[in-house]
There are 2 protein chains.
Amino acid sequence: MGGDESPHSFVCASVSFLKLHSLAHITLFGDKATLESSLSTLDINAVASRLNVVHAGQIVTPEEKPGVALRSKQRSSMWLALSAVASGEMQAVLSAGNTGALMAMARHLLGTLEGIERPAICKRMPVSGAPCFVLDLGANVKVGAKQLREFALMGAALAEVEGVAPVKVGLLNVGEELQKGTEVLQETDKLLRDDPRYQYLGFVEGNAIFEGVANVVVCDGFAGNVALKASEGLARYLIQDLRRYFAASWWRKFLGALLGLMAIGWFKRLDPAGYNGALLVGLKGVVVKSHGGADGKGFQAALRVANDQAQRRPDQLLASWLSQSA
Amino acid sequence: MGGDESPHSFVCASVSFLKLHSLAHITLFGDKATLESSLSTLDINAVASRLNVVHAGQIVTPEEKPGVALRSKQRSSMWLALSAVASGEMQAVLSAGNTGALMAMARHLLGTLEGIERPAICKRMPVSGAPCFVLDLGANVKVGAKQLREFALMGAALAEVEGVAPVKVGLLNVGEELQKGTEVLQETDKLLRDDPRYQYLGFVEGNAIFEGVANVVVCDGFAGNVALKASEGLARYLIQDLRRYFAASWWRKFLGALLGLMAIGWFKRLDPAGYNGALLVGLKGVVVKSHGGADGKGFQAALRVANDQAQRRPDQLLASWLSQSA
């Protein structure tokens, strides 16, 4: 029930997703009447056996403080969906709602992995070739070296379950020289060395996220959020700018249409909606957060992320790594 | 003499620049033999009266510590060029060399404006329409609220001399809600309110840089550097990706050539080289820093920035603002 758009576009996206992924099951948590009236407008015969609706009488609002939601919204769609993952009934949860509330409820219901101080938010950036996981993206604004080291392990597990070998980890800084940055980064730099589970690249700069050099870029939630929002802003601006450009004359419209047909893959990669779906990592279970402003296309991208993660289970690999080092 | 490429491409760029800007004068500081042999390969008749060469016997290396350069490189091209601005002989200096050394020498030779704790590095981002100045971009990794307020004024002066009215200033944070971010940001948020010289937007996120909402985005040097490098990295990745795409078949090559001819303005804006030239602000004088890896095209863009700033003199406006508030 979260997100800026009505649940209808998310319901449509879920049905489309089931049609494309014949092994997936989806349970929609929310206001039953709303969800069923939305489903009644769609052709769901082919997927009805893999689609359930569970009624949730409460909604977590976007403004709600995490602590308040945790105490007072135990009949919300968010709470019920997370409970279904906690009980093992389902393998992943996807929400477009209040991020802080989702994190608080996930920590409470699923629990944080042994050896992880606090979960982080992570996104797989849309570069061609090898993936690049950036974390934290905003859950932890101020962090210490020990936490940054945990982020490195979380990211490495995400890359490893995708088959990346060796996983290359970089530490985000304002320069690659050894003496750069804050004391926390200097300390983290030492902690990250000599871990057999990944190859440590040392300090990297913001451009590393898109250059296919690092598979994991580790940073505090402030820097990560800034990097993500700035590059999403640039991508959105470029798309708008191109659209304006190609709308300016009939000849450009023609060329734009040709280009649109041909370079559609490129545009998809450029469009932030195409890589919607951030991971809450460090938890005992798979939790995916869709952007609140996502449309149906964006929500489908996030569903793909949830489906992939449910099969790859980076949380289980991470748990086994953490138990080894303990 | 700074930068990764040989001085030749910078010499060529300077000559081309003079041909396009008939009121500009350029003095090249560096190894006289190298510069003159480079000039001898070019047709400089039309601009010779506006082009000088001054010999500098030392070079500041990229690895040199700022303090060391300051003490031991007083016959370097960097030192001599800054001295010429300090004496009023010239109106702006452009360097592609060691940023730390340039900042240290500029502070020493030109001086910091009365009321400014430390200068900042600032860049005009390549958005269409109203400009967006982002600062600091890496000179000050850790800053307090008072410094961030100084950055806001520096940025506002840069926008004001471009004719932006009213200048809209945003404070970079991980969310727009009032309670977000660190204590320093909370404190700065209060300091920035109710200044008649700009319109304060409150907290903005990284995407504000490219959305034409804010004319000034204020942040510490760490966040600014990350935002800049991440978006430059994305832009460079997208250009490469497009090039690869259009090289893949004869039909795409044809379309790509058409597109290249038509959308050249768009590509120019996308290309980080097109907006090369960062400003060192808060100093008594105009100092522009070219990216060390800039090619001739990038260096020409930085020359344009230096030329514009020499005529607009944001440092003089800022000085008058600071004297009023003192």
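The values are calculated or read from the model by the stated rules, or taken from the named source; none is laboratory data. A quick note: this is a predicted structure, and the numbers were derived from the prediction, not measured. Neighbour counts run over all protein chains shown; Cβ positions are idealised from the backbone, glycine included. Quick note on the areas: whole protein, heavy atoms, side chains included, nothing else; ligands and nucleic acids left out. Shrake-Rupley method; radii C 1.70, N 1.55, O 1.52, S 1.80 Å.
Taking the stated definitions as given, is A:LEU80 touching a Phe, Trp or Tyr at 6+ places or on another chain (Cβ under 6 Å) and either surrounded by 17 or more Cβ atoms within 10 Å (Cβ to Cβ) or part of a helix (DSSP H, G or I) (or both)?
Spelling it out, A:LEU80 is indeed touching a Phe, Trp or Tyr at 6+ places or on another chain (Cβ under 6 Å) and either surrounded by 17 or more Cβ atoms within 10 Å (Cβ to Cβ) or part of a helix (DSSP H, G or I) (or both).
Quick one: how many residues across segment B:21-32 are surrounded by fewer than 22 Cβ atoms within 10 Å (Cβ to Cβ) and either under 21 Å from the mean Cα position of the chain (by Cα) or within 19 Å of B:MET78 (Cβ to Cβ) (or both)?
Residues meeting the conditions: 7.
Of these, B:ARG107, B:ARG124, which one is under 17 Å from the mean Cα position of the chain (by Cα), of a type in the set (D, E, K, R), open to solvent by 10 Å² or more (accessible area, probe 1.4 Å) and at pLDDT below 95? Write out each step before concluding.
Numbers: B:ARG107 fails: at pLDDT below 95.
Among B:ARG107, B:ARG124, only B:ARG124 is under 17 Å from the mean Cα position of the chain (by Cα), of a type in the set (D, E, K, R), open to solvent by 10 Å² or more (accessible area, probe 1.4 Å) and at pLDDT below 95.
Filter segment A:311-326 down to residues that are of a type in the set (A, V, I, L, M) and either without any contact (Cβ under 8 Å) to a residue 40 or more places away in the chain or under 14 Å from A:GLU162 (Cβ atoms) (or both), then give me how many there are.
The qualifying residues number 2.
Of all residues in segment B:209-232, which are among the hydrophobic types (A, V, I, L, M, F, W, C), touching a residue at least 60 places away in the same chain (Cβ under 8 Å) and either within 8 Å of chain A (Cβ to nearest Cβ) or closer than 20 Å to A:VAL134 by Cα (or both)?
Matches in segment B:209-232: B:ILE209, B:PHE210, B:CYS219, B:PHE222, B:ALA227, B:LEU228.
Are any residues in segment A:233-248 over 30 Å from A:PRO119 (Cβ atoms) and facing chain B (nearest Cβ under 7 Å), and if so, which ones?
Hits for segment A:233-248 are A:TYR237, A:LEU238, A:ASP241, A:LEU242, A:TYR245.
Looking at segment B:127-140, which of the residues that are closer than 17 Å to B:LEU153 by Cα and either away from chain A (no Cβ under 14 Å) or not acidic (Asp, Glu) (or both) is farthest from the chain's Cα centre (by Cα)?
For segment B:127-140, the residue satisfying everything is B:ASN140.
Name the single residue, out of those in segment B:249-270 being modelled with pLDDT of 70 or more and more than 11 Å from chain A (Cβ to nearest Cβ), that is least open to solvent (accessible area, probe 1.4 Å).
B:ALA257
Take the residues of segment B:173-190 that are in contact with a helix residue (DSSP H, G or I) (Cβ under 6 Å, 6 or more places away or on another chain) and within 12 Å of chain A (Cβ to nearest Cβ): which is surrounded by the most Cβ atoms within 10 Å (Cβ to Cβ)? Break it down stepwise before answering.
Let us first name the residues in segment B:173-190 that are in contact with a helix residue (DSSP H, G or I) (Cβ under 6 Å, 6 or more places away or on another chain), namely B:173-174, B:184, B:187-188.
This time we only want the ones that are within 12 Å of chain A (Cβ to nearest Cβ), so: B:173-174, B:184.
Values: B:ASN173: 27, B:VAL174: 25, B:VAL184: 16.
Ranking the qualifying residues of segment B:173-190, first place goes to B:ASN173.
Filter segment A:1-21 for residues that are modelled with pLDDT of 95 or more and of a type in the set (S, T, N, Q) and give the result.
Within segment A:1-21, A:SER14, A:SER16 qualify.
Rundown of residues vs (1) without any contact (Cβ under 8 Å) to a residue 12 or more places away in the chain; (2) open to solvent by 80 Å² or more (accessible area, probe 1.4 Å); (3) in a helix (DSSP H, G or I); (4) not basic (Lys, Arg), yes/no style:
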| site | (1), (2), (3), (4) |
| --- | --- |
| B:ASP4 | no, yes, no, yes |
| B:CYS12 | no, no, yes, yes |
| B:SER16 | no, no, yes, yes |
| B:THR34 | no, no, yes, yes |
| B:LEU39 | no, no, yes, yes |
| B:ALA48 | yes, no, yes, yes |
| B:VAL54 | no, no, no, yes |
| B:GLY67 | no, no, yes, yes |
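Limited to segment A:191-208, what total is found for residues that are part of a helix (DSSP H, G or I) and within 12 Å of chain B (Cβ to nearest Cβ)?
3
Out of B:LYS146, B:LYS123, report the one residue that is assigned to a helix (DSSP H, G or I) and touching a residue at least 12 places away in the same chain (Cβ under 8 Å).
Answer to the selection: B:LYS146.
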